[in-house]
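Comments concern the structure below.
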Amino acid sequence: MLLVVHQVWWTNREARSGAEETVRVLVEEWADSGEAGAGEDVPVGGPEDGQASAGAGAGAGAGASASASVGAGGGEGSRPGVEVPTRGGRPVGKVPRPSTSPRWDQAYAVIRIPRAGVVAPVAEGVGKRGVLDKGYVGHYPGTAQPGEAGNFALAGHRNTHGEPFRYVNRLEVGDEVVVETRGAVYTYVVSGGVAQTSARDVGVVAAVPRSAVKPGRGFSEPGYYLTLTTCTPEFTSRYRLVVWAKLARMAPRQGPGG
């Protein structure tokens, strides 16, 4: 009984407290750094972009490595942006390129998912002790960074240790996932997912995410993707639940007076 109380209650309490403090520190540091931009939101793509051939809300792996199961580089910098490919002959915006790589286990972004009640730090790597068990969301090494072309792939616990991804199964097509970094705020829009897949379905976090286990689930062309992965069913780690989203817009981070 004491073990159950520790796992279900105490680890959540401890991890959430630490994660909330990390979010507070990050946001304060960004505000104090003076590294903010100006201007309007930049739309990326259009409503015809990014519908995955999968139902919203659900597949892959908290705590798995990129090579072993479903699964670094880049912080936010001031390098020139890279052009997003045009669609139908029209430009679809720019996104900034990362200039430096975050250190292993370093928290460098904040993810906010209103429908799932998530506000959590994003740290480099998906190790349990250094990242996931601290209530953080982990970035799969080797996948894209926020706003980069490719797949910004993340993992988080669904149960215990802060359980930031407890309710990601509730996400629906059209829901927003916001990722904040030192220099910009990126808004992704949910477009599909996989309710249950193998822990070794590495296709879901590929640069063009597509399940290697569930034929027809995923995308078929390059883009600006976000993947959320966690364990399923609840209180087990047998399978993975996946949510996919596509970058819709980005905006420079506002300064203290902005």
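The values are calculated or read from the model by the stated rules, or taken from the named source; none is laboratory data. Treat the numbers as computed from the prediction; the structure is a model and nothing was measured. Cβ coordinates were reconstructed from backbone atoms using ideal geometry, including for glycine residues, and neighbour counts include every protein chain displayed.
Some notes on this structure:
- Counted residues, region 121-154 - those being of a type in the set (A, V, I, L, M, F, W, C), over 14 Å from TYR108 (Cβ atoms) and in contact with a Lys or Arg (Cβ under 9 Å, 6 or more places away or on another chain): 0
- Test: residue in region 213-226 that is crowded, with 24+ Cβ neighbours inside 10 Å, of a type outside the set (Phe, Trp, Tyr) and closer than 17 Å to ARG170 by Cβ: yes
- Answer residue from region 83-116, given it is modelled with pLDDT under 95 and closer than 17 Å to ALA15 by Cα and is surrounded by the most Cβ atoms within 10 Å (Cβ to Cβ) among those: GLN106
- Residues located in region 203-214, provided they are of a type in the set (A, V, I, L, M, F, W, C) and over 16 Å from the mean Cα position of the chain (by Cα): ALA212, VAL213
- Cross-chain or 6+ apart pairs with Cβ under 6 Å, region 5-17 first and over 15 Å from VAL118 (Cα atoms), then at pLDDT 80 or above and not β-branched (Val, Ile, Thr): THR11/HIS161
- Matching residues, region 215-258, being of a type in the set (S, T, N, Q) and more than 19 Å from the chain's Cα centre (by Cα): SER220, THR236, SER237, GLN254
- From VAL23, VAL8, residue being out of contact with any Lys or Arg (no Cβ under 8 Å at 6 or more places or on another chain), modelled with pLDDT of 85 or more and either part of a loop (DSSP other than H, G, I, E, B) or of a type in the set (Val, Ile, Thr) (or both): VAL23
- Looking only at residues in region 123-179 that are of a type in the set (Asp, Glu), under 24 Å from ALA251 (Cα atoms) and in a loop (DSSP other than H, G, I, E, B), the one that is modelled with the lowest pLDDT is GLU148.
- The set of residues in region 232-258 that are modelled with pLDDT under 95 and of a type in the set (A, V, I, L, M, F, W, C) comprises PHE235, MET250, ALA251.
- Just one of the listed residues (VAL202, VAL208, VAL179, VAL173) is of a type in the set (A, V, I, L, M, F, W, C) and closer than 22 Å to ARG16 by Cβ, namely VAL179.
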